[in-house]
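The values are calculated or read from the model by the stated rules, or taken from the named source; none is laboratory data. All figures in this text were calculated on a predicted structure; none of them were measured in a lab. Every residue, glycine among them, receives a Cβ derived from its backbone with ideal geometry; neighbour counts consider all protein chains shown.
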Amino acid sequence: MSLLQISEPGQTPYPHHRKLAVGIDLGTTNSLVAAVRNGVAETLPNLKNQHLLPSAVHYHAAEDRHGARILVGEEALALAVDSPVDTLVSVKRFMGRGLDDVHDDAHQDNYVFVANHEGMVQFKTSIGVVSPVEASAEILRTLASRGEETLGGALDGAVITVPAYFDEAQRQATKDAATVAGIPLLRLLNEPTAAAVAYGLDQQEGLIAVYDLGGGTFDISVLRLHRGVFEVLATGGDSALGGDDFDHAIADWAQHELSLVDLNLGQLRELLRESRRVKEQLSIQQEAVISLSFTKNTLTLSKDNFEKLVDSLLRRTIRACKRALRDAAVSVDDVDNVVMVGGSTRVPAVRLAVASYFGREPLADVDPDRVVAIGAAIQADILVGNKSDNEMLLLDVIPLSLGIETMGNLVETVVPRNTTIPATRAQEFTTYKDGQTAMVIHVLQGEREVVSDCRSLARFELRGIPSMVAGAARILVTFQVDADGLLSVSAREETTGVESSVQVQPSYGLSDNDIAGMIKASFEYADHDMKARQVAERILEARQLIEGLSSALEADGEKLLTVAQIARLENEMVKLEEVIDGSDPAVIKREVEYLSDLSASFAAKRMDASIKEALSGQTIETIGSEEGEK
Amino acid sequence: MFIPNLDQSYFELFAFEESFFVDNLRLDSRFRELQNEFHPDRFAGGTDRQKRASLQFSSFLNEAYQALKHPLPRALYLLQLKGIDVENYARHNTDPSFLMQQIEMREKLEGIGSDEDQLALFLTQVMDQYDATVSSVAACFDLNDWAKAAVETVKLQFLDKLRLEAEELESELDY
């Protein structure tokens, strides 16, 4: 049944009006736009028939003859060697990241960074400070107008792809870029999922592994397809690993072999460009020659030698594949198809490594550079409503665990990684101090157990908790992750209903290395974490005991105990304070138990006294009210 | 849009009897049918109210599906429905021989170090025990013996954790 169509004056409704939708692959090295036209999804070229738009943006101080101060794509890339500081490439690496994150990034050498007021990365260029979001918006704008020109009208919707590994901050930054560019965003879509869609694998049943080695990121996703439902079972990868690293491996080797020292930014860019060219040549021939404008010496790189240079990088990708399969609880033999995505999968050594691990030839018929954009276009076409009968559905998972800080510097996981989204999880927490009326909810992301090892996403306060004894308040913290993977958190005190919430818009993104590193570290440090957790729990226990006992002594000590008894308890409290600093959980535990036993009779006396007081209190009140009634 | 009921039990949601025996194929297809109808992507152009309702229901579906799909969370959920707090129960009803066995298996895992064959053997043993325990959990539920089901479920929890640890160790050994 169709709805009545209401049209604005002056706009004629077409009998079979198709809405205009595009899929955009916003890549680290190149970006593309694609659309479904006459039932076929294809990437859209520019007027020069080029499909790939280099993800480069150049800013110049003076207007050029067209009055423009910003160049995007090939023209911008052409200026990268001569004016590196004003030409931004690989900005995707900096989306949603703080300045502190990029200091140890291998690729930071080419830019002049400044932080904004929230500590986020920004680039200093001749026209002023530019954020990664703004630079990405320029790329999106260029692609969107290419789409509008080709399709002949304003866009009704777009799907933009992101690596499955992108965290909250990075997804939010991508959404922001779409907003800045004025693009009506339908959904963010994980790149590997888009690739599987492009292969039309929704027409089949089975397990698919998507191996996506792009310029800057590596993703592995395990999907299950069943009657049109794409279910992402697990994602993993290494978001600081890509074809750029192959280039860097060659460049580092060449720099060493040719004894090149003190290269300036322009020379470094040239060396990288030459390394990339050599890498591409080695996909089709046995050796290639590196020659640079600033040195007479040349250098020959053989295919064998190249494969040795990148061997450890390839092993890292295979290791991530193993982990993803494990998270999905499937074995490598269960995988029915392996899809190759990303320009770097053209490197024969990559295909070989993948084929040998999965025991089958990977699918690579669709251009690995375009496959993601094509899948995004298909999904955009469905979401915008052009294919209402289409049954395809994507069920995604979150890449990193989400949790909150609890007492003693520990992280309590609320939503574990690889949980299918959308997801809502609630967990109850309580106060730890008598009379505590406010609580800070600190939202964290990562796999480690200790707060300082996870990434802080947001922090907010719940106020107005009624004054109660420690442990009596019931605070329900609810995490809600929507279908785009964006998080909102709320906290509610159950007895009074006071509420507080936050839409997580992190001012601080994870660094690429962090994400991969955090997962890895959670396993490497599992032992250490366990011990740290034990110690932290014991310390917490000890402090609570000391605090409780001190306030009890202050209130009722003199009333209920002898001076000697008080002295003895105080003595033991000092002893406990001393062992807390020692961080041996067994010793702390022993002292806590000793002191608890010692104070047990005091606690019992207090209980009796407070019951008596409560009873007598009630009597007075009753009398009072009776009098009042008279 | 139909506003789905979020108060029903996971079993009611999928139109199953409340039982440890779940037909996984039917569960999968029911889950996908419902997601297909109510996933937020189906309401990308809908009203805010529709979007909110679909987000809630779709989340609830995911939660229910995960809880019923695998034996361990399913057993925990069933016990929860019966009003049995497994953690609390375990604290007061620990089987001493199982405790000993736990300690021994843990020591064994620690002793394996980087011996791949030993680890593979260990994993097989754990998995065999896991499968056997699933069967005995099933038998307990079949007899409506909740107390014994809780005891066996605690064992299952331990074996599941041990399996995870062994698998992590295995993936660290490769490469």
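When A:Val372, A:Val354 are checked against the criterion of being of a type in the set (A, V, I, L, M, F, W, C) and more than 24 Å from the chain's Cα centre (by Cα), A:Val354 stands alone in meeting it. The set of residues in the stretch A:332-352 that are in contact with a Leu (Cβ under 8 Å, 6 or more places away or on another chain), surrounded by fewer than 18 Cβ atoms within 10 Å (Cβ to Cβ) and away from every other protein chain (no Cβ under 13 Å) comprises A:Asp334, A:Asp336.
Considering A:Pro132, A:Pro163, which residue is buried (at least 21 other Cβ atoms within 10 Å of the Cβ), closer than 16 Å to A:Gly485 by Cα and within 19 Å of the chain's Cα centre (by Cα)?
Values: A:Pro132 fails: closer than 16 Å to A:Gly485 by Cα.
Being buried (at least 21 other Cβ atoms within 10 Å of the Cβ), closer than 16 Å to A:Gly485 by Cα and within 19 Å of the chain's Cα centre (by Cα) holds for just one of A:Pro132, A:Pro163, which is A:Pro163.
Any chance the stretch A:301-314 includes a residue that's closer than 30 Å to A:Glu447 by Cα, among the polar types (S, T, N, Q) and in the same structural domain as A:Leu233 (by TED's automatic domain parsing)? Yes, there is a match, as at least one residue in the stretch A:301-314 is closer than 30 Å to A:Glu447 by Cα, among the polar types (S, T, N, Q) and in the same structural domain as A:Leu233 (by TED's automatic domain parsing). Residues of the stretch A:405-417 that are crowded, with 19+ Cβ neighbours inside 10 Å and either facing chain B (nearest Cβ under 10 Å) or closer than 15 Å to A:Glu168 by Cα (or both): A:Val415, A:Arg417. Screening the stretch A:48-74 for residues that are at pLDDT 90 or above and of a type in the set (D, E, K, R) and picking the one that is surrounded by the fewest Cβ atoms within 10 Å (Cβ to Cβ) gives A:Lys48.
Per this entry, B:Phe21 is not counted among residues that are surrounded by 17 or more Cβ atoms within 10 Å (Cβ to Cβ), modelled with pLDDT of 90 or more and under 16 Å from B:Ala67 (Cα atoms).
Here is a yes/no grid of residues against (1) among the charged types (D, E, K, R); (2) within 30 Å of the chain's Cα centre (by Cα):
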{"site": "A:Phe218", "(1), (2)": "no, yes"}
{"site": "A:Val222", "(1), (2)": "no, yes"}
{"site": "A:Asp247", "(1), (2)": "yes, yes"}
{"site": "A:Leu271", "(1), (2)": "no, no"}
{"site": "A:Arg277", "(1), (2)": "yes, no"}
{"site": "A:Glu280", "(1), (2)": "yes, no"}
{"site": "A:Ala288", "(1), (2)": "no, no"}
{"site": "A:Asn305", "(1), (2)": "no, no"}
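With the condition kept exactly as written, say whether any residue in the stretch A:423-446 is touching a helix residue (DSSP H, G or I) at 6+ places or on another chain (Cβ under 6 Å) and more than 14 Å from chain B (Cβ to nearest Cβ). For the stretch A:423-446, residues touching a helix residue (DSSP H, G or I) at 6+ places or on another chain (Cβ under 6 Å) and more than 14 Å from chain B (Cβ to nearest Cβ): present. Entry remark, the stretch A:291-331: residues being away from every other protein chain (no Cβ under 14 Å) and within 20 Å of A:Asn418 (Cα to Cα) number 0 in total. When the stretch B:45-62 is limited to residues that are facing another protein chain (nearest Cβ under 8 Å) and touching a residue at least 40 places away in the same chain (Cβ under 8 Å), the one that is farthest from A:Val415 (Cα to Cα) turns out to be B:Gln56. Look at the stretch A:186-241 and say how many of its residues are assigned to a helix (DSSP H, G or I) and under 30 Å from A:Leu282 (Cα atoms). Number satisfying all stated conditions: 7. For the stretch A:408-419, indicate whether the set of residues that are in a helix (DSSP H, G or I) and either touching a strand residue (DSSP E or B) at 6+ places or on another chain (Cβ under 7 Å) or of a type outside the set (S, T, N, Q) (or both) is non-empty. Within the stretch A:408-419 (the criterion being in a helix (DSSP H, G or I) and either touching a strand residue (DSSP E or B) at 6+ places or on another chain (Cβ under 7 Å) or of a type outside the set (S, T, N, Q) (or both)), the answer is no, since none of the residues qualifies. Looking at A:Ala328, A:Ala320, A:Ala355 in this structure, which one is farther than 23 Å from A:Leu32 by Cβ and surrounded by fewer than 20 Cβ atoms within 10 Å (Cβ to Cβ)? So the residue among A:Ala328, A:Ala320, A:Ala355 that is farther than 23 Å from A:Leu32 by Cβ and surrounded by fewer than 20 Cβ atoms within 10 Å (Cβ to Cβ) is A:Ala355. Checking the stretch B:136-152 against the condition returns no match, with no residue being within 15 Å of the chain's Cα centre (by Cα) and loosely packed, with under 14 Cβ neighbours inside 10 Å. Restricting attention to the stretch B:42-55, does a residue exist that is touching a strand residue (DSSP E or B) at 6+ places or on another chain (Cβ under 9 Å), hydroxyl-bearing (Ser, Thr, Tyr) and under 27 Å from A:Arg187 (Cβ atoms)? Taking every residue of the stretch B:42-55 in turn, none turns out to be touching a strand residue (DSSP E or B) at 6+ places or on another chain (Cβ under 9 Å), hydroxyl-bearing (Ser, Thr, Tyr) and under 27 Å from A:Arg187 (Cβ atoms).
Of the residues making up the stretch A:179-203, just one is within 14 Å of chain B (Cβ to nearest Cβ), within 21 Å of the chain's Cα centre (by Cα) and over 16 Å from A:Leu395 (Cα atoms), namely A:Leu185. Going by what's in this entry, would A:Arg360 be described as of a type in the set (Lys, Arg), crowded, with 18+ Cβ neighbours inside 10 Å, more than 14 Å from chain B (Cβ to nearest Cβ) and out of contact with any Gly (no Cβ under 9 Å at 6 or more places or on another chain)? Answer is no for this residue. May I ask you to list the residues in the stretch B:1-29 that are small (Gly, Ala, Ser) and more than 13 Å from every other protein chain (Cβ to nearest Cβ)? Scanning the stretch B:1-29 gives B:Ser9, B:Ala15, B:Ser19.
The listed residues are A:Pro45, A:Pro9, A:Pro15, and the only one of them that is in a loop (DSSP other than H, G, I, E, B), surrounded by fewer than 20 Cβ atoms within 10 Å (Cβ to Cβ) and modelled with pLDDT of 70 or more turns out to be A:Pro45.
Facing chain A (nearest Cβ under 10 Å) and in contact (Cβ under 8 Å) with a residue 12 or more places away in the chain: which single residue out of B:Arg74, B:Arg32, B:Arg42 fits that description? Explain how you work it out, then say what you get.
Values: B:Arg74 fails: facing chain A (nearest Cβ under 10 Å); B:Arg32 fails: in contact (Cβ under 8 Å) with a residue 12 or more places away in the chain.
Criteria check complete, one pass: B:Arg42.
Note on the stretch A:435-477: residues that are under 16 Å from A:Leu402 (Cα atoms) and either among the acidic types (Asp, Glu) or buried (at least 16 other Cβ atoms within 10 Å of the Cβ) (or both) total 19. Screening A:Thr478 with (1) touching a strand residue (DSSP E or B) at 6+ places or on another chain (Cβ under 8 Å); (2) within 14 Å of another protein chain (Cβ to nearest Cβ); (3) modelled with pLDDT under 85 gives one miss only, at (3).
In the stretch A:450-479, the residues that are under 10 Å from A:Gln436 (Cβ atoms) reach residues that are part of a helix (DSSP H, G or I) with C-beta atoms within less than 9 angstrom, at least six apart or across chains, in these pairs: A:Ala470/A:Gln544; A:Ala470/A:Glu547; A:Ala470/A:Gly548. Look at the stretch A:565-580: where a residue is closer than 13 Å to A:Ile539 by Cβ and a partner is among the small types (Gly, Ala, Ser), sitting 6+ places away or on another chain with Cβ atoms under 7 Å, you get A:Leu576/A:Ala542; A:Ile580/A:Ala542.
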